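Report on the structure given below.
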Amino acid sequence: MKKIILPKIQKVQKATDFVGIKIENGEPCIYLPQMFRINNNLLQCKKDLVLFLKSIELAKTFIGNEIKYSISNHESDIWPIESYLWIIHDYLNNGTYFNREKKYVNDGKGKIDWKRTMRKVPIISNNNFIYDEIISSRIDATNDIISQIYLLCVYQSQFRFGWLYGYEFGINVNQIKSIKEMIHITSFELQNTFDDEKRLRFNHMLNILQNIEGNNALSKSCTYGIDNYYYVFETMVDKIFDGISKEELKKYNPLGFWKIKNEDPKISSELRPDTIHIEDDKMYIIDAKMYQYGYTKEISDLPTTSSMQKQITYGDYVKSKTLPGTKIRNVFVLPYDKELDIFSEDDDIEKYVDGNLAYLGIAYVSWRRNDEDYDYIYTFLIDLVYLIRNYSNKSSECILSLINKIESIINCKTKTM
């Protein structure tokens, strides 16, 4: 077996650079945002890398809009990571899967099947019935095509995630059917079994077969990833800060129109707030920014003036759509690595939730009178690895920390006016 400690790791410098995994000639390389922290514990590091690759699936929300996957010719495909891991686990625990059939033979081997034996005509001797052909049954493993397909699925799984287990399995397998034929055979087996474990196995096999690129299941190269992790980051921020539903969010999208001569007005485009969190009579408009400040700590890597103006426009529009008295706040959230020295040793940054959330400061523009609370954009950093590990559920601790900080600043400002 070929031992694998970790794939090659490469950090990318721009938010628009490819992130994901590329396997060339059997050698995997994972491309990560700069803010992604590599854990010193090998087991935890591998878990984090798998969670990162799984997070790419979140970008499917934007398919048909702006998103573009880098998965060969399958721009809308998602790697069935859970199926790869299930098949590897199944193979390590149970070995190669075989269809097992019950056979009836008269070679004297196996368990005697008296019901079938007694159907034969006996020999009668001294008033005794003698059966000269004893039928027995046994379970035989048949080395059939479904076993070969299973091994191909194991090969695909270890090729992409063998590094997670520390080695390649050294599987010898040949592709003797086309991908289309293997999908058909596996689907037939699925439809003709009532065994729950077999059904689970066949479903995972189908997930893997349907994701194979082209017609070569033994290819040594493949790519899975995305050209802009921003969309994933935005979705994770929306989940952890408990944003309102996408349908509800639409009513807060400012629209632009063109009216050409005598034609009917046509929509030019629309602005779309990333996240709106509602707490009592307050609305927090959160814009997730996949900028590099969380790695460089350079002012030039913070949101630009145009981003500030867009947030203020959201505030104006949301105010026009809500009841009088609704309090509106603007927020930027950027990713960072909390363990970088430039952040961990900076006592001026206010940190919450074990440093996984940090308050950075405010952004504002010169042409506003700052009469509205949302003229100020309160800016927070969130640890990227923490976010990837925890985005599946809202974080009440993060939400409360963000709200309390913003409200305390506004209350202090009000008292000094």
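Quick note: the coordinates plus some simple rules give every number you see, no bench work behind them. Please read all numbers here as calculations on a predicted model, not as lab measurements. FYI the Cβ positions are ideal-geometry reconstructions off the backbone, even for glycines, and counts take in every protein chain you see.
Structure values in brief
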quantity: Charge dipole magnitude, Cβ of K and R +1, D and E -1 - the range 158-222, Cα centre, debye nearest 20; calculated: 160
quantity: Distant-in-sequence amide H partners of T96 (H built 1.01 Å from N, under 5 Å); calculated: none
quantity: Order of V154, V353 - criterion: other Cβ atoms within 10 Å of each residue's Cβ, fewest first; calculated: V353, V154
quantity: Residue order, fewest to most beta carbons within 10 Å, for L323, L42, L49, L85; calculated: L323, L42, L85, L49
quantity: Under 5 Å, built H, 5+ apart or other chain: amide partners of R37; calculated: V385
quantity: Fully extended contour minus Cα-Cα distance, from W367 to E279, at 0.36 nm per residue; calculated: 28.8 nm
quantity: Residues whose placed amide H lies under 5 Å from that of D144, excluding near-sequence neighbours; calculated: N99
quantity: Modelled FRET efficiency - R0 41 Å, S344 with N94, Cβ distances, 0.05 increments; calculated: 0.35
quantity: Net lengthening on full extension, I410/N393 (0.36 nm per residue, minus Cα-Cα); calculated: 3.3 nm
quantity: Spin-label pair N262/S306, simplified geometry with 7 Å Cα→Cβ offset, distance in nm; calculated: 3.7
quantity: Surrounding net charge for I285, when Lys and Arg each add one and Asp and Glu each subtract one, Cβ distance under 9 Å; calculated: -1
quantity: Cleavage-rule hits (trypsin sites (Lys or Arg not before Pro)) in the range 256-319: DSSP loop, at most 13 neighbouring Cβ within 10 angstrom; calculated: K259, K261
quantity: Inter-probe distance in nm under a simple model that places probes 7 Å from Cα toward Cβ, at R199 and N25; calculated: 4.6
quantity: Cα-based convex hull volume of the range 307-353 per residue, rounded to whole Å³; calculated: 126
